[in-house]
1. If you take the beta carbon distance between LYS264 and GLN53 as r and set R0 to 41 Å, what does 1/(1 + (r/R0)^6) give as a FRET efficiency, to the nearest 0.05?
2. Grab the DSSP H runs of the chain that are 4 residues or longer, score each as -39,500 (n - 2.57), total them, divide by all residues and round the 222 nm result to the nearest 500 deg cm²/dmol.
3. Counting Lys and Arg as +1 and Asp and Glu as -1, each charge on the Cβ, what is the dipole of segment 1-150 about the Cα centre in debye, to the nearest 20?
4. With 20 Å bins from zero, work out the P(r) of the chain over every alpha carbon pair and list the percent per bin.
5. If N is the number of residues in segment 228-287, what value comes out of its Cα radius of gyration divided by 2.2 N^0.38 Å?
6. Enumerate the amide H contacts of LEU214 below 5 Å, restricted to partners 5 or more residues apart or on another chain; note that Pro and chain-start residues carry no placed amide H.
7. Determine the percent antiparallel among the DSSP beta bridges restricted to the chain, to the nearest 5.
8. Just to check I understand the Karplus step: with θ = phi - 60° and J = 6.51 cos²θ - 1.76 cosθ + 1.60, what whole-Hz values come out for segment 123-139, glycine and proline as x?
Amino acid sequence: MSKIIEVSGLQKSFGELRAVQGVDFYVEEGSLFAFLGPNGAGKSTTIDMLTTQLKPDAGEATISGYKLGREDDGIRSSIGIVFQDSLLDPLLTVKENLFVRGSFYNLSRSELKAAVARAAATADVGDFLNRPYGKLSGGQRRRADIARALIHTPKVLFLDEPTTGLDPQTRKNVWTTIRQLQKEQGMTIFLTTHYMEEAAQADYIIIMDHGKVLAGGTPYELKERYATDLLKLMPHNAEELQAYLQSKALDYMIVSGVYHIPLKQTAHALPIVEGCGANIAGIEIVSGTMDDVFLNLTGTEVRS
Ligand SMILES: Nc1ncnc2c1ncn2[C@@H]1O[C@H](COP(=O)(O)OP(=O)(O)OP(=O)(O)O)[C@@H](O)[C@H]1O
């Protein structure tokens, strides 16, 4: 796969505050890439720079083959952006808003109509196309925002916290639309989110804090590196189990008679279980989660 975004040494300060302190990463074409970090980590500032809205102090980036700072028009033509705060007019209908947006792109009347119809179908806004944007529910607004960003069929779609503030069912629906854009249209999706269960579905995750990249990897790699699985054993004979664990120099905690043994890798449970043999009355393996990864790296719980 080719790299559709490449970023090196990107920096931005606001006065004394070093919001982004030399960030390096790349995004593979067609992937779903998630940016995670606590509030104020520098995620939006990074997105604002990559989408040409904010000038970096230093560093370089190439997006869809265009150099940031030198070929910004090219970048703008190949990206779509869904902002945290909508840009649509609350008094206009969704359709009118899409036509207004589409008129920025020098399209003929028939091309414009086709572009609006395609974006509306992709973002699934057909049911409320003729309703004023200001009268829509939170989830419908998000879909309309996504439709707006799709009018010029971008190669990369940036979404800054696309599902924040939505109820769980609506979040799921919006998320499904985002996944379809990636899977069915091959669009590269670059998003920030505070929801771990969403990040866990990304192809690649970067975790950022205090303007720096703390870690990057697939959800599986991050969990292997920064979260521990837990083997829970209920013995028939506690003394025997304790003696066995001590003989193997294994750490454990006893919680209500159940032995909790942290595992670096899930597979490490196998020899322990085998070694305990018939002494096992009950067994459970609890996998490390993205929440554990986030907590271990940033020292804070993610904001929900
Ligand atoms: N225009 C600005 N002027 C001054 N400070 C700013 C500006 N934009 C961002 N900051 C500061 O830069 C830091 C990084 O902010 P940024 O919005 O990039 O974080 P974030 O990771 O997107 O946070 P959130 O999850 O809350 O959106 C914060 O301390 C923020 O207050």
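1. The calculated FRET efficiency here is 0.45.
2. -10500 deg cm²/dmol
3. Using Cβ point charges on Lys, Arg, Asp and Glu, segment 1-150 gives about 560 debye.
4. Reading the bins upward from 0: 29, 46, 20, 4, 0.
5. 0.97
6. Placed amide hydrogens put ILE207, MET208, ASP209 under 5 Å from LEU214.
7. Antiparallel: roughly 70 percent of the beta bridges in the chain.
8. 8, 6, 10, x, 5, 10, 4, 9, 9, x, 3, x, 9, 7, 6, x, x
The values are calculated or read from the model by the stated rules, or taken from the named source; none is laboratory data. Bear in mind the structure is a predicted one, so any value in this text is a computation, not a measurement. Counting neighbours? That spans all protein chains shown, and the Cβs are built from the backbone with ideal geometry, glycine included. Keep in mind that these areas ignore ligands, DNA and RNA; they rest on the heavy atoms of the full protein, side chains included. Shrake-Rupley method; radii C 1.70, N 1.55, O 1.52, S 1.80 Å.
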